[in-house]
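Report on the following structure.
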Amino acid sequence: MKSIASAPGKIILFGEHFVVHGTPAILAAINKRVTVTSTFTENKTIKVNSELGTLDVPISSSYKEAKSKFRPFVYLANKMINSNQNANGLEIEINSDIPVGVGLGSSSACCVAAAASIYGLFKELSSEEILKMSIEAEKTIFPDTSGADCTVCIYGGMIEYPNVKKIDNTFDLNLLIANSMIPHNTKNSVEKVNKFKENDEERFSQLCDLETKLIDEVITAMKNNDATTFGLKMSENQKYLEEIQVSNDTLRDMISSLKEISLGTKITGAGDGGCVIALVKDENVSKVPALLPKYKECFSAKIDTKGMTRELVEWKREK
Ligand code: MEV
């Protein structure tokens, strides 16, 4: 038997970083996916094959001994093997078209698809159970995760977090993603924001209140089909992200280059590199590549409505 699961990447439209400290956020799943395929093996090992490398370790080894990128897989595989007496070993294959380390949810999509695929070999878990497992797995690399990224990868579409509500986007969001090609480390950026908070609790608390108010206004703007206000709120959110110091000169340059043709532009995800998103009117989409330096990747974000998918396929390993 093969257990195949896939999950989409994501963008954060509003509320990154502040969401780690309890404020709401709005996220959307995007049409780039990771697929994880799991099969039982007879040898007592956990094997992971991915474009980023391979791993082959005894089933008794701890996830803490693995390189960070493999930890969630070893954690999930161990947990399953320990609770299933018939399992000897596991082979896990990962295929992805989500760019890695640039804030598009590659690691949370991997955790979701891996939890669904590995557990799918043993029993059928509910989406809520898979979410719980995937957040546990994500915590092996990023202990402070808010859980927002895994949540949108499971349910797909556009959601409000933490009180998970699907949002129907009533107007056509023409969102562009521009990749600064600077990899970032979410854990480090989140720790930097923790330091900002420690140094100025009062201002940070004001910013959290402002972010909560902004998200209420965005929800109203969406109900009113008001793309102009939606864009203005993106730029306002960017000011809060600048203040907590997760931006840099490259991101600021990209945002300012896109200013004249977008209704709003901001970082998406942890910042300090990664991607920016811009809300662009139809007639301006073709102007975007000329405004950005050639080496920056840029594409249109289509919202994924499927979320996580999973299937079991009859299959026998060739001897
Ligand atoms: C990372 O994609 C988003 C952050 O808000 C962290 C989190 O929510 O766990 C920076």
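In whole Å and largest first, what semi-axes does the C-alpha gyration tensor of the stretch 218-291 yield when each eigenvalue is scaled by 5 and square-rooted? Working through the eigenvalues yields semi-axes of 20, 17, 8 Å. Once all protein chains are placed together, Thr309 keeps about 50 Å² accessible to a 1.4 angstrom probe.
Using the Cβ atoms and a cut-off under 12 Å, what net charge is assigned to the surroundings of Pro58, where Lys and Arg are +1 and Asp and Glu are -1? It would help to have the intermediate numbers written out before the result.
Working: positive: Lys44, Lys47; negative: Asp56, Glu65.
Computed value for this residue: 0.
Each part gets one Cα centre, and for the stretch 220-264 versus the stretch 1-17 those centres are 23 Å apart.
What does the charge count around Cys110 come to, taking other residues whose C-beta lies under 15 Å from its C-beta (Lys +1, Arg +1, Asp -1, Glu -1)? With Lys, Arg at +1 and Asp, Glu at -1, the neighbours total +2. Of the trypsin sites (Lys or Arg not before Pro) found in the stretch 218-285, those in coil by DSSP whose Cβ has at most 15 other Cβ atoms within 10 Å are Lys281. Rg over Rh for the chain works out to 1.00, using Cα positions for both radii and the Kirkwood form for Rh.
For the residue pairs Lys223/Lys259; Lys69/Lys239; Lys32/Lys166, the alpha carbons lie more than 29 Å apart in Lys69/Lys239. Counting only whole DSSP H helices of the chain, the ones at least 27 Å long by C-alpha along their axis and with mean Kyte-Doolittle hydropathy no lower than -1.0 are 201-223. Once you reduce the stretch 35-105 and the stretch 131-169 to the center of their Cα atoms, the two points are 21 Å from each other.
Sparsely packed loop sites in the stretch 1-89 (the trypsin sites (Lys or Arg not before Pro) outside DSSP H, G, I, E and B with at most 13 other Cβ atoms within 10 Å) comprise Lys44, Lys67.
Using the Cβ atoms and a cut-off under 13 Å, what net charge is assigned to the surroundings of Thr140, where Lys and Arg are +1 and Asp and Glu are -1?
On the way: positive: Lys64, Lys67, Lys69, Arg71, Lys79, Lys139, Lys187; negative: Glu65, Glu136, Glu138, Asp144.
Once positives and negatives cancel, what remains is +3.
Quick one: plug the Kirkwood hydrodynamic radius of the stretch 175-301 (C-alpha pairs) into Stokes-Einstein at 10 °C, 1.306 mPa s, and report D in µm²/s. Each step should come with its number before you reach the end.
Numbers: Rh = 15.3 Å.
For these conditions, the coefficient is 104 µm²/s.
Rounded to the nearest 20 debye, the dipole magnitude of the stretch 193-287 is 260 debye, with +1 charges on Lys and Arg beta carbons, -1 on Asp and Glu beta carbons, and the Cα centre as origin.
Split the accessible area of the chain by element, probe 1.4 Å, and carbon with sulfur accounts for 48%. Note on Asn248 and Lys316: their simple-model spin labels are 5.4 nm apart, each label 7 Å out from Cα toward Cβ. Computed from the Cα positions only, the extents of the stretch 1-89 along the three principal axes stand at 46, 27, 25 Å, in decreasing order.
For the chain, the relative contact order comes to 26 percent (Cα pairs under 8 Å, sequence separation of at least 6). Spread over its residues, the convex hull of the C-alpha atoms of the stretch 39-126 is 95 Å³ per residue.
The values are calculated or read from the model by the stated rules, or taken from the named source; none is laboratory data. This one's a predicted model, so the numbers in the text were calculated from it and none came from an experiment. Cβ sites come from the backbone with ideal geometry, for glycine too, and all protein chains shown count toward neighbours. Quick note on the areas: whole protein, heavy atoms, side chains included, nothing else; ligands and nucleic acids left out. Shrake-Rupley method; radii C 1.70, N 1.55, O 1.52, S 1.80 Å.
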